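The values are calculated or read from the model by the stated rules, or taken from the named source; none is laboratory data. Keep in mind that this is a model prediction, so the values were computed, not measured. Don't worry about glycine lacking a Cβ; one is built from the backbone with ideal geometry, like all the others, and counts go over all protein chains shown.
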């Protein structure tokens, strides 16, 4: 690629703001215009199989990409918005090539050393943000499937930590794990009941 660094644009997105358990993850992707990827879209609108295929293609064809995270303990300490912004900042900072500009999904900007633009629903309109959304979601989903084996009974392989009725019921029956976000209301409620 012959682009100069300050012309490189990274797409940035996060996944996992809503779950009661697991990390929030973010990805940053600089696409290579010489190697286009067909079918990029909001990761939530794609099937799991399609996401996995596209994630492999993105990792193979992108100019560079990076995934970063904040753990449940970070989320509890910072709050979910600040943890999400920090994960996005880390993802941009760990790219092998520094972008000159970042396109961020949403309406808030992380603290970056380059110029940046927040785009609401950017994963629907910006291919680089879509690519970031896809690789972040595939990475987080895979981790939650692994967590399902470590913490059976919570349905993490299915709900990925989101507050489904079955997941809330499991918290009541089995208690709170080390990967649960203690600052989130349903988890807080259970912890109070356990202490009383």
What is the residue count in region 139-163 for residues that are outside any helix (DSSP H, G or I), free of Cβ contacts under 8 Å to residues at least 60 places away in the same chain and at negative phi?
2
Subset of region 164-186 (residues that are under 21 Å from the mean Cα position of the chain (by Cα) and either closer than 17 Å to residue 150 by Cβ or in contact (Cβ under 8 Å) with a residue 12 or more places away in the chain (or both)):
167, 177, 178, 179, 180, 181, 182, 183, 184
Can you pull out every residue in region 179-196 that is surrounded by 12 or more Cβ atoms within 10 Å (Cβ to Cβ) and assigned to a loop (DSSP other than H, G, I, E, B)?
179, 181, 182, 183, 184
Only one of (1) farther than 26 Å from residue 176 by Cβ; (2) within 17 Å of the chain's Cα centre (by Cα); (3) touching a residue at least 40 places away in the same chain (Cβ under 8 Å) fails for residue 8. Which number is that?
(2)
For region 167-177, what are the residues that are touching a helix residue (DSSP H, G or I) at 6+ places or on another chain (Cβ under 8 Å) and assigned to a loop (DSSP other than H, G, I, E, B)?
175, 176
Kindly evaluate residue 130 against the criterion of being under 30 Å from residue 63 (Cβ atoms) and either in contact with a strand residue (DSSP E or B) (Cβ under 7 Å, 6 or more places away or on another chain) or in a helix (DSSP H, G or I) (or both).
yes
In the set 139, 157, which member is touching a strand residue (DSSP E or B) at 6+ places or on another chain (Cβ under 6 Å) and surrounded by fewer than 23 Cβ atoms within 10 Å (Cβ to Cβ)?
139
Selected residue (criterion: surrounded by the fewest Cβ atoms within 10 Å (Cβ to Cβ)) from residues of region 49-61 that are touching a helix residue (DSSP H, G or I) at 6+ places or on another chain (Cβ under 7 Å) and farther than 23 Å from residue 114 by Cβ
52
Residue hits (region 28-45; at pLDDT 95 or above, crowded, with 24+ Cβ neighbours inside 10 Å and either touching a helix residue (DSSP H, G or I) at 6+ places or on another chain (Cβ under 6 Å) or on the phi > 0 side of the Ramachandran plot (or both)) are 28, 29, 31
